[in-house]
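A short write-up of the structure that comes next.
The values are calculated or read from the model by the stated rules, or taken from the named source; none is laboratory data. Predicted, not measured: the structure shown is a model, and the values here were computed from it. All Cβ positions, even for glycine, are placed from backbone atoms using ideal geometry, and neighbour counts span all protein chains on display.
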Amino acid sequence: MKILWMTWKDCENPHAGGAELINEEIAKRLTRDGHEVILITAGFNGAESEIEKNGYKIIRLGNRYTVYWRAYRYYKKKLQGWADLVIDEMNTIPFFCKWYVKEENIILTYQLCREIWFYQLHFPFSLIGYILEPIYLRMLNDRFVITESLSAKLDMMRYGFKKENIAVIPVGISLASVNSLAEVVKYPNPTVLSLGSFRAMKRTLDQIRAFEIAKKSIPNLQLKIAGSAMDSYGTKILNYLLNHKYKKDIEYLGRISEYEKKELMQKSHIILVTSKKEGWGLIVTEANSQGTPAIVYEADGLRDSVQNKITGIICEENTPENMASKIQFLFSSPGKYHEMQENAWTWSKELTFETCYCNFLDALMVFKKFSAIKPF
């Protein structure tokens with residue numbers, strides 16, 4: 001097959017995240033198996049306009065905001081009729097391929113964004129996005145969709161997408177799992193981890209406050225925080241930590257390397273995740289692979305990446321107080337903690353990119369039954 005994949009970012013984009021990693025792991029395997037893949041993405045400062053990578057091609061056009069129009073023009077001028085299948089990746093905003101590509105096309109999305117418009121954009125742009133999203137989703141609900149979690153599938157169904165037209169593929173992780181939990185050495189003091197860029201929708205401040213509350217009953221509790229602070233919310237967090245009463249027990253590490261991330265995940269006892277919404281809690285699965293269970297808020301994506309009270313804990317209430325009570329419970333119940341640690345580590349080993357890729361092919365086979373795309 002020839003596959004044209006329109007997506008906002010590629011892995012080299014400074015703002016790339018888990019979705020881009022999954023995309024390119026799938027693309028790499030597609031080319032390995034003899035398919036041709038072209039990714040159209042947004043450009044960024046210092047980026048080459050066109051590169052070959054792992055057998056597939058990346059064409060970078062415009063920027064975060066203009067890539068949608070530039071992709072349309074580039075397709076019309078140079079790629080119309082080339083592909084057997086076009087993937088319209090909807091990361092907040094779709095490319096609206098339905099209305100201009102001549103080839104069979106599907107939607108790939110990792111999450112819908114309606115709940116987080118007001119966290120990510122200033123008024124009135126947040127309100128515009130909030131109003132427009134359900135409108136364009138209903139205009140696209142005759143498309144076949146691939147997504148990464150049951151939560152995301154149910155979200156799509158609320159906007160009229162048919163259950164049978166939505167395929168769920170599991171995520172994969174690139175972090176190598178520890179060979180044995182026996183080799184995992186934790187910090188000497190009980191330690192909770194906050195990991196990820198400081199953004200309002202991540203609600204990092206809730207994690208810090210949960211730590212504060214839990215520390216009242218666990219005096220030697222420590223908090224490790226890693227992630228970049230790029231906007232006003234990040235500044236707010238850094239200012240909050242500046243003269244914190246538990247300053248000596250909080251370590252802010254800033255942006256860290258993959259090696260440092262792996263080491264931090266291994267040494268910490270628990271990872272805290274409080275996002276308003278995720279496609280899948282990728283850092284939860286990564287931490288699990290290093291022998292660290294998670295305590296998370298009850299939210300889309302997070303409820304999918306944690307088997308409650310089996311591989312980790314999902315809070316009944318999305319409050320720092322409730323999260324703090326879960327921290328206290330796990331540190332006071334070593335037997336239950338080690339049981340969750342074992343279950344989380346075992347489950348994480350099932351979530352590989354090869355499995356993700358195989359399920360992606362299965363999804364295309366389902367779509368093929370209702371389309372004219374070539375066999376593969």
Residue tally, condition part of a loop (DSSP other than H, G, I, E, B) and surrounded by 17 or more Cβ atoms within 10 Å (Cβ to Cβ), over region 215-248: 4
Residue that is surrounded by the most Cβ atoms within 10 Å (Cβ to Cβ), among those in region 266-301 that are under 15 Å from Leu351 (Cβ atoms) and of a type in the set (A, V, I, L, M, F, W, C): Ala287
Number of the exception - Ile166 against (1) free of Cβ contacts under 8 Å to residues at least 24 places away in the same chain; (2) within 27 Å of Trp347 (Cα to Cα); (3) in the same structural domain as Glu339 (by TED's automatic domain parsing): (3)
Candidates Ile38, Ile87, Ile22 - the one that is in contact (Cβ under 8 Å) with a residue 12 or more places away in the chain and either assigned to a loop (DSSP other than H, G, I, E, B) or in contact with a Lys or Arg (Cβ under 9 Å, 6 or more places away or on another chain) (or both): Ile38
Residue selected from region 166-209 under the condition aliphatic (A, V, I, L, M) and in a strand (DSSP E or B), by the criterion nearest to the chain's Cα centre (by Cα): Leu195
Qualifying position, being farther than 18 Å from Ser174 by Cβ and among the hydrophobic types (A, V, I, L, M, F, W, C), among Ile218, Ile271, Ile283: Ile218
Candidates Glu212, Glu251, filtered to the one that is in a helix (DSSP H, G or I), on the phi < 0 side of the Ramachandran plot, over 24 Å from the mean Cα position of the chain (by Cα) and of a type in the set (Asp, Glu): Glu212
Residue among Leu140, Leu154 that is in contact with a Pro (Cβ under 7 Å, 6 or more places away or on another chain), not assigned by TED's automatic domain parsing to the domain that holds His338 and not β-branched (Val, Ile, Thr): Leu140
